[in-house]
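Data block below; observations after.
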Amino acid sequence: MITAIEGVLEEKGPGWAVIKTGGFSFKVLVPESTGAKLGPPGGQVRLNTFLYFREDNLALCGFTGPEELRLFAALLEVRGVGVKLALALLSAMSPAELVSCISRGDERRLRDIPGVGRTTAGRLILELKDKLKKGWAVSDEIARGADDDLMAALSGLGYSSIEVKAALDRVTWDPYSSLEERLRLALKSLGTPM
């Protein structure tokens, strides 16, 4: 199996890159976030890769880090999720955001991604929720993202940044809890009746 590719970036477009190595040029499918990190053509690049092989499809997919690659492989295990949809999911959110979204059971946010309907969002949550909670450590990025969403919600309700910071310092919650649950706890700590 091809586990990585390193070489010169010849060209790139939305969702793909061509990398020349050892006299061969390989077209690698990438999430749009990965494509943005590759820089301009002519530079040296290295991607972790996943060789996807089915009777009707052969694709080499590339990722900037092992975390993206692991999540991509987990997404492919969900019934109805293929390469195109898994790459769309990783293009729409960072791995930390996607793990957090699935772990919290945030079906509505998943359905905002093109190609993800109610059934697919439900399957992603049902099949991956527990697996992702166990297999992925809660990263600082997930915690920061949760705090950023909560800060924006509280600021939108008219609370000052000092009040918001005080609420965040007083309340402890599961980082996989929904925004609504975190908002309810923060409002309670601010003394706002629910």
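The values are calculated or read from the model by the stated rules, or taken from the named source; none is laboratory data. Bear in mind the structure is a predicted one, so any value in this text is a computation, not a measurement. Neighbour counts run over all protein chains shown; Cβ positions are idealised from the backbone, glycine included.
Among the residues of region 67-80, not a single one is part of a loop (DSSP other than H, G, I, E, B) and either within 15 Å of the chain's Cα centre (by Cα) or not assigned by TED's automatic domain parsing to the domain that holds residue 127 (or both).
Of the residues making up region 107-120, those that are over 13 Å from the mean Cα position of the chain (by Cα) and either assigned to a loop (DSSP other than H, G, I, E, B) or of a type in the set (Val, Ile, Thr) (or both) are 112, 114, 115, 116, 117, 119, 120.
Quick grid of which residues meet (1) farther than 26 Å from residue 92 by Cβ; (2) under 23 Å from the mean Cα position of the chain (by Cα); (3) acidic (Asp, Glu):
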position: 5; (1), (2), (3): no, yes, no
position: 11; (1), (2), (3): no, no, yes
position: 25; (1), (2), (3): yes, no, no
position: 30; (1), (2), (3): no, yes, no
position: 35; (1), (2), (3): no, yes, no
position: 40; (1), (2), (3): no, no, no
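Out of the residues in region 22-43 meeting the condition of being at pLDDT below 95 and polar (S, T, N, Q), tell me which one is surrounded by the most Cβ atoms within 10 Å (Cβ to Cβ). Here the answer is 34. Flag: residue 103 matches the condition of being surrounded by 21 or more Cβ atoms within 10 Å (Cβ to Cβ), of a type in the set (Gly, Ala, Ser), within 25 Å of residue 181 (Cα to Cα) and assigned by TED's automatic domain parsing to the domain that holds residue 129.
Run residue 163 past the list (1) of a type in the set (Asp, Glu); (2) modelled with pLDDT of 75 or more; (3) under 20 Å from the mean Cα position of the chain (by Cα) and report the number of the one that doesn't hold. Checking residue 163 against (1) of a type in the set (Asp, Glu); (2) modelled with pLDDT of 75 or more; (3) under 20 Å from the mean Cα position of the chain (by Cα), the one that fails is (3).
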